[in-house]
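FYI, it's all coordinate maths here, none of it is from the lab. As the structure is a prediction and not an experimental result, all values here were calculated from the model. Cβ: placed from backbone, ideal geometry, glycine included. Neighbour counts: every protein chain shown.
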Amino acid sequence: MTDIPLARPERHVPVWAQGLIGQMLALLIALAGGAVIIWLVGESPLHVYEVLLRGALGSAENVAGSLLQATPIIVCGVAACVALRGGLFNIGVEGQLYVGGFAAAWVGFTLNLPAGLHVVVGLGAGMLAGALWIILPAIMRARFNANEVVSTILMNYVAVLLTSYLTIAVFKRPGGWSETAPIAQTAYLPQLMDGSRVNLGLIIGLALALGLYLFLRYTGAGYAVSTMGSNPKFAAYGGVRVKRNIVAVLLTSGAIGGLAGGIETLGVHRRFMEGFAPGFGFDGVIAALLANGNPLGVVVAALFFGALRKGSLLMEVETGASREIITVIQALIILCVSAQILIRRRGGISGEKRWKF
Amino acid sequence: MAADIAADFAIEMIGITKRFGPLTANRDVSFAVRKGEIHALVGENGAGKTTLMNVLFGMHLPDSGQIKVNGAQVEITSPQVAIGLGLGMVHQHFKLVPSLTVAENIFLGMEIVRGGLIDSASQVAAVRALSASSGLAVDPTRVVRDLSVGSEQRVEILKVLARGARIVILDEPTAVLTPQEGRDLFRTLRGFTDQGMTVILISHHLDEVLEVSDTVTVLRDGAVIGTEPAKGLTEARLAQMMVGRPVDFGRKRRDGTAGAPVLTLTRIHARDDRGLPALMDVSLTVHAGEIVAIAGVDGNGQTELAEVVAGLRGPSYGRMNLNGRDIAGAPADIVRGAGLAHVPADRLVRGVDVQASIMSNILMGRQDSSAFSKGGMIRWGRVRAEAAALIKRFDIRTQGPDASVKSLSGGNMQKVVLAREFSQGKQFLLIDQPTRGVDIGATEGIHDEIMRRRAEGVAILLISVQLDECMKLADRLLVMFQGCLVAELDPKTVTVNEIGLHMMGASHNRKASA
Ligand SMILES: Nc1ncnc2c1ncn2[C@@H]1O[C@H](COP(=O)(O)OP(=O)(O)OP(=O)(O)O)[C@@H](O)[C@H]1O
Ligand SMILES: [Mg+2]
């Protein structure tokens with residue numbers, strides 16, 4: 001009898017590495033898809049990507065610009081990540097960013113406070129506004145099990161339109177664009193270096209990400225949250241107050257979303273402008289998904305998206321490719337990541353929800 | 001001549017070795033199944049039964065070895081290939097989609113299509129026909145979520161048959177079934193083999209293995225110990241082959257001495273998920289140092305009773321008292337604080353987080369206790385030490401505290417839950433189906449643990465569909481039927497038949513008509 005070995009043993013890759021390889025693959029496919037589209041609009045993909053890279057990292061200034069773009073994405077990413085780890089989707093980060101930004105600006109141009117305190121109160125107001133903005137979806141989810149994805153998305157529209165209305169109809173600076181009066185100097189969020197608007201917000205974002213990582217890993221409350229995220233029935237059985245935690249997690253997520261808005265208005269624009277931060281909230285959500293809910297991974301993903309945004313400015317100047325290419329690449333990333341989750345669910349027992357015993 | 005013999009076999013697995021990292025789950029296994037027989041595969045938890053069948057079904061690729069199906073050498077690289085070869089597998093853990101109907105589940109991925117749309121009517125009709133010809137009764141239009149486990153089991157088998165399987169693998173099909181449902185299933189399987197089909201059956205119930213199968217293969221530590229005709233084998237002999245030493249079946253019971261009341265339920269009423277009454281006027285007391293068992297056919301309110309007692313479902317009426325504290329409607333953390341430890345029946349839905357490590361699973365419920373946390377920070381070092389100690393004490397077969405629960409075999413997952421709940425020194429233990437999917441050796445161990453807890457003065461409420469388990473362990477035996485406690489029996493004198501009658505509602509009906 002001839003023995004024909006089926007010599008194709010599965011290789012054993014650690015779980016974290018499997019995740020990383022998967023995400024990298026998603027990225028590559030997305031970039032390849034982007035290349036095809038660039039080629040279709042009649043540009044050379046290689047050239048466009050080269051300009052993109054140069055625009056993002058080509059000089060110290062460009063690097064600073066990328067960091068500036070990445071800052072709100074990091075903070076929004078942490079906001080989305082908090083919810084994600086608790087098994088919840090806060091797609092409303094964008095809305096929380098808007099109301100948070102407006103609240104912080106209002107504190108900035110209305111109140112009269114000493115330097116440091118003014119910033120703290122401004123950011124605090126931003127967080128409060130963000131938390132308030134998600135309170136309804138949070139309660140509806142905890143009480144009636146209403147899908148928070150839908151409710152938080154709906155709140156986004158209200159937030160954008162409401163802040164627009166307040167800016168144009170109530171607080172508009174006479175003679176100016178659709179923007180409020182500038183904030184007092186005492187409310188400026190300190191900048192990290194001369195010649196760039198990169199500000200303390202970057203440090204805050206990094207600290208939040210690290211803090212969240214440590215919280216989830218080392219504290220009892222973090223354990224409760226992440227267990228609730230992976231198996232809510234198990235958490236409830238073990239004595240975790242799931243409903244209470246749902247509200248707490250979503251409010252925290254909303255507050256961080258609001259903080260992102262406060263950082264943008266106090267650190268970058270120094271007033272509230274209509275449409276001041278397009279898509280940062282959504283980018284944050286995508287960053288959290290791409291990072292698979294790992295807060296440190298969120299930072300990496302956000303830096304990448306920030307660089308894309310910065311690089312796209314130069315790309316638009318030097319090539320015929322439009323900035324929307326970036327949106328296409330991000331959309332492809334989402335597609336690949338979701339496909340990957342589906343594939344992972346299919347194989348093995350990991351994705352099964354029900355057990356015989 | 002040699003060709004003749006080969007043609008006799010439906011399945012031949014030759015020299016199969018399968019490793020997971022450093023662990024060898026199957027070691028040079030040779031396993032042959034004759035056409036038209038029921039071939040049982042037995043062995044301890046973690047012996048490698050599921051792994052071997054997963055290899056056969058193309059879910060894992062073996063590191064070495066070869067497989068022949070109906071005498072022809074094949075390379076089974078995916079379940080699709082296996083299905084193409086006429087194999088079908090009902091997995092140890094359900095793989096149905098809860099939100100779809102029975103017919104939709106059965107035709108999932110091979111829908112009957114007409115004009116680009118799924119032809120539901122034809123699918124339903126096809127399921128009816130299949131159901132009639134196989135003797136597996138199901139309603140094709142029901143949503144799977146609402147089915148009992150027994151019906152879910154039948155759907156799984158129909159799904160396999162609908163794919164044209166001639167060789168059917170069943171991984172612990174009876175673990176969740178009541179003895180009656182189990183007997184019905186075996187009659188169906190006999191029907192299959194009468195039609196020339198072949199059945200491979202994994203089970204921990206040695207009595208049913210001997211009753212139903214033609215041939216038995218025993219695995220131990222990933223290797224084949226022997227293949228023998230079922231006729232002439234005894235349970236004791238099988239157990240010895242499985243464990244490697246004589247097993248003391250120890251069916252003798254010991255009695256507890258009841259102390260003060262620990263848990264009291266007074267006139268408890270509760271509703272199920274659909275809002276229908278599930279518990280009616282349930283009153284019971286469990287004393288320190290006694291085991292009260294609740295017997296009954298699955299689905300007569302036991303689930304709701306356990307949830308109410310564990311603080312996972314609020315009663316609609318009635319009082320509950322645990323260790324002198326009023327716990328009616330209190331959440332799980334309060335009930336646990338009052339002295340509850342709980343082994344849930346749907347343990348892999350509720351009892352573990354399969355993605356997380358054993359260590360992390362051991363911590364659950366104690367993440368805020370001073371033993372494992374200080375100033376809000378978890379002392380992972382202590383958790384690890386505790387997990388390592390429990391792995392040893394409960395003989396959990398694993399690579400260590402960091403291994404994920406999903407890498408464990410079914411029975412070993414179960415031991416993780418037991419280890420966590422038994423080791424907390426609580427005064428009240430709620431135990432729901434403690435030995436589902438657990439091998440005989442480990443079952444003895446678990447029974448000993450339960451009796452040891454009782455000797456320490458712990459009050460124990462045991463819910464089980466296994467009558468012999470109830471009769472062996474209980475000091476008092478209550479029977480549940482349609483949400484009511486219909487009888488209290490003395491397990492020392494009662495017969496199985498008598499319990500069975502109560503379970504079918506005999507006493508209930510008498511009471512109602514009186
Ligand atoms: N995917 C996997 N990764 C790592 N180890 C695994 C994996 N699947 C199984 N194992 C290990 O292989 C061994 C055999 O597991 P298997 O599931 O085949 O046991 P079993 O005989 O079916 O046990 P049970 O009766 O408890 O279901 C166990 O030690 C288990 O921990
Ligand atoms: Mg198994």
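Normalised by 2.2 N^0.38 Å, where N is the number of residues, the alpha-carbon radius of gyration of the protein assembly as shown equals 1.08. Dipole magnitude for the protein assembly as shown: computed about the Cα centre from +1 point charges on Lys and Arg Cβ and -1 point charges on Asp and Glu Cβ, it is near 1440 debye.
With the convex hull drawn around the C-alpha atoms of chain A, the volume per residue stands at 185 Å³.
Using the Cβ-Cβ distance between A:Gln185 and A:Leu161 with R0 = 25 Å, the FRET efficiency computed as 1/(1 + (r/R0)^6) comes to roughly 0.25.
Put in order of Cβ neighbour count within 10 Å, fewest first, the listed residues B:Cys484, B:Cys470 become B:Cys484, B:Cys470. A Förster radius of 22 Å combined with the Cβ-Cβ distance from B:Asp194 to B:Asp8 puts the calculated FRET efficiency at roughly 0.80.
Summarising the label geometry, the points placed 7 Å from Cα in the beta-carbon direction at A:Val170 and B:Gln80 lie 5.9 nm from one another.
Take every DSSP beta bridge with both residues inside the protein assembly as shown and express the antiparallel ones as a percent of the total, to the nearest 5. Antiparallel bridges make up about 60 percent of those DSSP assigns within the protein assembly as shown.
To the nearest ten degrees, helix B:120-134 and the longest principal axis of the Cα atoms of chain B are 90 degrees apart. In the structure shown, do any of A:Lys233/B:Lys49; B:Lys159/B:Lys231; B:Lys49/B:Lys415; B:Lys35/B:Lys95 have a Cα-Cα gap over 23 Å, and if so which? Exceeds cut-off: A:Lys233/B:Lys49; B:Lys159/B:Lys231; B:Lys35/B:Lys95. Remark: spin-label model distance B:Ser316-B:Arg271 equals 0.5 nm, labels positioned 7 Å along the Cα→Cβ axis. Here segment B:227-295 and segment B:102-142 have alpha carbon centers that stand 38 Å from each other. To test your reading of the geometry: what angle, between 0 and 90 degrees and rounded to tens, separates the Cα axis of helix B:410-422 from the longest principal axis of chain B? For helix B:410-422, the angle is close to 10 degrees. Across segment A:36-77, the residues whose backbone nitrogen lies under 19 Å from the label position 7 Å along the beta-carbon direction of A:Met193 are A:53-74.
For A:Asn199, the residues whose modelled amide H falls within less than 5 Å of its own, excluding neighbours fewer than 5 places apart on the same chain, are A:Leu192.
Taking 0.36 nm per residue of separation and subtracting the Cα-Cα distance, full extension of the segment from A:Ser178 to A:Leu296 would add 38.8 nm.
The C-alpha atoms of chain B define a longest principal axis, and helix B:380-393 lies at about 70 degrees to it.
Summarising the amide proton neighbourhood of B:Leu201: residues at separation of 5 or more, or on other chains, whose placed amide H is nearer than 5 Å comprise B:His39, B:Ala40, B:Leu41, B:Leu170. Annotation for B:Arg254 and A:Leu31: the two label points, set 7 Å from Cα along the Cα-Cβ direction, are 6.7 nm apart.
Scanning chain A for helices, which whole DSSP H stretches are 27 Å or more long along the axis (Cα) and average 0.5 or more by Kyte-Doolittle? Helices meeting the span and hydropathy rule in chain A are A:15-40, A:60-85, A:115-144, A:242-264, A:295-318, A:324-346. Sorting the segments A:235-244, A:189-198, A:22-31 by their mean number of nearby beta carbons within 10 angstrom, highest to lowest, gives A:235-244, A:22-31, A:189-198. Placing unit charges on each Cβ (+1 for Lys and Arg, -1 for Asp and Glu) gives the protein assembly as shown a dipole about its Cα centre, and among A:Ala105, B:His342, A:Phe305 the Cα reaching farthest toward its positive end belongs to A:Ala105.
About its Cα centre, what dipole magnitude does segment B:261-503 give when the only charges are +1 on Lys and Arg Cβ and -1 on Asp and Glu Cβ, stated in debye to the nearest 20? Roughly 900 debye, rounded to the nearest 20.
Dipole of chain B computed with +1 at Lys/Arg Cβ and -1 at Asp/Glu Cβ about the Cα centre; of B:Ser316, B:Ile460, B:Ser360, farthest Cα towards the positive end is B:Ser360. With only the Cα atoms considered, segment A:47-182 has a convex hull volume of 174 Å³ per residue. For chain A, set up a GNM with springs between Cα atoms under 10 Å and report which of A:Ile73, A:Ile263, A:Ile21 has the largest fluctuation. Among A:Ile73, A:Ile263, A:Ile21, the largest GNM mean-square fluctuation belongs to A:Ile21.
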